[in-house]
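Visitor: Next up is a structure, given as structure tokens.
The values are calculated or read from the model by the stated rules, or taken from the named source; none is laboratory data. Small disclaimer: the values here were computed from a predicted structure and weren't measured. Because the Cβ atoms are built from the backbone with ideal geometry, glycine has one as well, and the counts that use them run over all protein chains shown.
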Amino acid sequence: MSVSMTIDGRLVGGDGTFPVDDPAVGTPFAEAPDCTDEQLEAAVRAAQSAFAQWRLDDGTRRAALLVAAQRIENSIDELAPLFVQEQGKPLKEAAGEVASAIQWLRYYADLDLSDEVLQKDDYSRVDLIREPIGVVAAITPWNSPIGLAFWKLAPALRAGNTIVLKPSPYTPITTLRVGELLADILPRASSTSFRAEILSAPS
């Protein structure tokens, strides 16, 4: 099998591919795209452009995380066996890790991010105001590729940042497949109506 990278909501191949082994038998079972420097730069530029709008509407971000969680939940029977094949975890543990991604998305979608008054007295007032900072780079290891990806993705996206994710070359397949599944939900530079598109996206 082969999977694509997701850049600006589009599925793209690499300049070439590299094999990904099934650790149970030690032979390749899939081909992953080999990202070029130019494609990496394109991903960063797209994330920078998407940030300008994504940062503005917390309601859209919450909705997107919930739709993404449902999309992954609907695909868990596909993703868990794929995860086993590339990473070697027992099926129950693989399904549990995919389920943790769903839990993280829903947790951050429901998290209250309202401003806080840290100090208020006759002399001063200190407010805590959370603001997004821009593009987040995330690199994930081979041992828990989905769980660790969403530990990074869910809070960054909910806070209003955009993100460029690089999975381990030893276990990229499930992560890239999740990217394909969420391509129409996650922020992209080419979209001008995030909220309408997200709310109408099939789960």
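Visitor: Is it true that some residue in the stretch 79-94 is part of a helix (DSSP H, G or I), over 26 Å from Ala183 (Cα atoms) and of a type in the set (D, E, K, R)?
Guide: Scanning the stretch 79-94, I find at least one residue that is part of a helix (DSSP H, G or I), over 26 Å from Ala183 (Cα atoms) and of a type in the set (D, E, K, R), so the answer is yes.
Visitor: Those residues that are among the aliphatic types (A, V, I, L, M), crowded, with 16+ Cβ neighbours inside 10 Å and free of Cβ contacts under 8 Å to residues at least 40 places away in the same chain, I need them from the stretch 130-152; list them, please.
Guide: Val136, Ala138, Leu148
Visitor: I would also like to ask the following. What about Val84, is it among the β-branched types (Val, Ile, Thr) and in contact (Cβ under 8 Å) with a residue 60 or more places away in the chain?
Guide: The answer is no for Val84.
Visitor: For the stretch 15-30, does any single residue satisfy the condition of being of a type in the set (Phe, Trp, Tyr), surrounded by 14 or more Cβ atoms within 10 Å (Cβ to Cβ) and in a helix (DSSP H, G or I)?
Guide: no
Visitor: Considering only the stretch 141-150, I want to know if a residue exists there that is touching a strand residue (DSSP E or B) at 6+ places or on another chain (Cβ under 8 Å) and either more than 17 Å from Trp104 (Cα to Cα) or at pLDDT below 95 (or both).
Guide: No.
Visitor: Taking the stretch 1-12 on its own, how many of its residues are surrounded by 15 or more Cβ atoms within 10 Å (Cβ to Cβ) and more than 17 Å from Trp142 (Cβ to Cβ)?
Guide: Going through the stretch 1-12 one residue at a time, the tally reaches 6.
Visitor: Ala46 fails exactly one of the following numbered conditions: (1) hydrophobic (A, V, I, L, M, F, W, C); (2) touching a strand residue (DSSP E or B) at 6+ places or on another chain (Cβ under 7 Å); (3) assigned to a strand (DSSP E or B). What is the number of that condition?
Guide: Ala46 satisfies every listed condition except (3).
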